[in-house]
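Here the structure is laid out as structure tokens; the discussion comes afterwards.
The values are calculated or read from the model by the stated rules, or taken from the named source; none is laboratory data. Fair warning: this is a prediction, and the values are worked out from it, not measured in the lab. When we count neighbours, we look across all protein chains shown, and the Cβ atoms used for this are built from the backbone with ideal geometry, even at glycine.
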Amino acid sequence: MSKDIQGIGLELASKFAGSDFAEKYQLRQSAEKVAYLSTKHGFKFVGEVMKRKARKKGAAQALLPSPDASSPNASNALFDLSLSEEQQMIKDTLLAYAGDVLRDQALAADEQQQLPQDFLTQMSELGLNSFSVPEALGGGSQQYSPVTNAIIAESLAWGDMSLAYAALASSAVANALVKWGNASQKNQFLPRYLDEKPLLSCIAVQEAQPLFDPQQLQTRAQKVKSGYRLTGEKVLVPFAGKADLYLVAALLKGKPALFLVPGNLPGIQFKPSASMGIRATESGTLSLTKVELPADSLLGGDAFLQRPDNYREFISTGQLHWCALAIGTCQAALDYVIPYCNEREAFGEPISHRQSVAFLIADMGIELESMRLLTWRAAALAEAGKPFTREAFLAHTLCSDKAMKIGTDAVQLLGGHGFTKEHPAERWYRDLRLLACVNSGLHL
């Protein structure tokens, strides 16, 4: 696996970066760069492998393949959750990066409520955007793959949910452009995600309404002679108003639609707003006051509006993206509490010997696997072009409930330590609380 190929060098570089020697002689930043470059080249290697295999095999195989009734092994192929070799390589490589780079940056980013210096540049150099941009436009994507995107999100969130959200916000817009954008929109925006300074973009759906329903938007779009005029407010929008492009949800003639809104247009304002979780993303309120847009700003044009399921699928894949982030964070919590409970002693023995503790950890594992199963199932149906709204709803409902429980249990198992910033459980708890509050803002 990729972790085995590059793991020794990456581990040594990461340990050196955190040492007192590196801090004393101001070598920490250089050592972190070595660790980052190690994963970067490993990830690019994975991309090249995927390209070559895709050319040989044609379309990539889905995670849940449709059974072939004529096959003698059809009865054994009804439900296969095995990752492909390429997907496993992506997972291993990103887990290495998440554990050795993102996790070390997470606490400071949360406390300072801003992204680490050069974070977005490093993310673009890592090659994440290339998995969203089609090969015909210079990227590395052979086909739109929600399953692979879910694996990427889960792996990065194992390092930190907030940083993973920031890393994937731009590629989420690119994914929506690939699926629904017309030829003109794809040619205009997608190549810019591969620039030396890539397009910084994010999705703006959430509004400050009680019991917010993404189908009932207060943001309005009006058709005018020059194109469209947008007015409204969006909350929990990342990047402190520095995004080059926003994908904004608004009602047009009573129907929800998505608009490509450049970030430098007159009438756009951003107000920072500190939040309980995902604090590193520098989120806040985006205000649009009579923002004038050209005629080609409606994502997918009139064809998008003609099929009502398009917007519903957009919201559903966004919810699945949050599910994937929550799964990665919950996996991090589970991986953290197991050794802690095995090493922490009370009354002369590890606390994991107590049945109440052991059962609580077992429940965390059961709930986590249930979350992963439903999320991957819904993502696989979306990738196969089959109806998946029901499955996405079930996955998000389960993840919203169980992610919060796992976050709470992680704090509980650490006892008083769980309430302090000495351990990451309190940050995971705050980030996981978001899942039940947000509607889209991402897109697999």
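What the table below lists for this structure:
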quantity: Pick from the stretch 285-300, criterion among the hydroxyl-bearing types (Ser, Thr, Tyr) and assigned to a strand (DSSP E or B), ranking: farthest from the chain's Cα centre (by Cα); calculated: 289
quantity: Residues satisfying the stated conditions in the stretch 311-356, i.e. within 22 Å of residue 373 (Cβ to Cβ) and among the β-branched types (Val, Ile, Thr); calculated: 315, 317, 327, 329, 337, 338
quantity: Pick from the stretch 169-199, criterion in contact with an Asp or Glu (Cβ under 7 Å, 6 or more places away or on another chain) and in a helix (DSSP H, G or I), ranking: farthest from residue 275 (Cα to Cα); calculated: 184
quantity: Residue ranges of strands (runs of 3 or more DSSP E) in the stretch 200-284 with at least 3 members under 24 Å from the mean Cα position of the chain (by Cα); calculated: 201-204, 227-237, 245-252, 255-262, 268-272
quantity: Test: residue in the stretch 345-364 that is aromatic (Phe, Trp, Tyr) and touching a helix residue (DSSP H, G or I) at 6+ places or on another chain (Cβ under 9 Å); calculated: no
quantity: Residues being under 9 Å from the mean Cα position of the chain (by Cα) and more than 20 Å from residue 199 (Cα to Cα) - total across the stretch 156-166; calculated: 3
quantity: Residue check, residue 136 out of contact with any Leu (no Cβ under 6 Å at 6 or more places or on another chain) and free of Cβ contacts under 8 Å to residues at least 24 places away in the same chain; calculated: yes
quantity: Evaluation of residue 241 against (1) closer than 24 Å to residue 186 by Cα; (2) at pLDDT 95 or above; (3) of a type outside the set (Asp, Glu) (one fails), failing number; calculated: (2)
quantity: The stretch 418-435: number of residues that are without any contact (Cβ under 8 Å) to a residue 40 or more places away in the chain, loosely packed, with under 15 Cβ neighbours inside 10 Å and either at positive phi or in contact with a helix residue (DSSP H, G or I) (Cβ under 8 Å, 6 or more places away or on another chain) (or both); calculated: 2
quantity: Residue in the stretch 241-253 that is of a type in the set (Lys, Arg) and under 16 Å from residue 202 (Cα atoms) present; calculated: yes
quantity: Qualifying positions in the stretch 365-397 - within 11 Å of residue 320 (Cα to Cα) and among the polar types (S, T, N, Q); calculated: 375, 389, 397
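Here is a yes/no grid of residues against (1) buried (at least 24 other Cβ atoms within 10 Å of the Cβ); (2) among the aromatic types (Phe, Trp, Tyr); (3) part of a loop (DSSP other than H, G, I, E, B):
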site	(1), (2), (3)
125	no, no, no
143	no, no, yes
154	yes, no, no
159	yes, no, yes
164	yes, no, no
167	yes, no, no
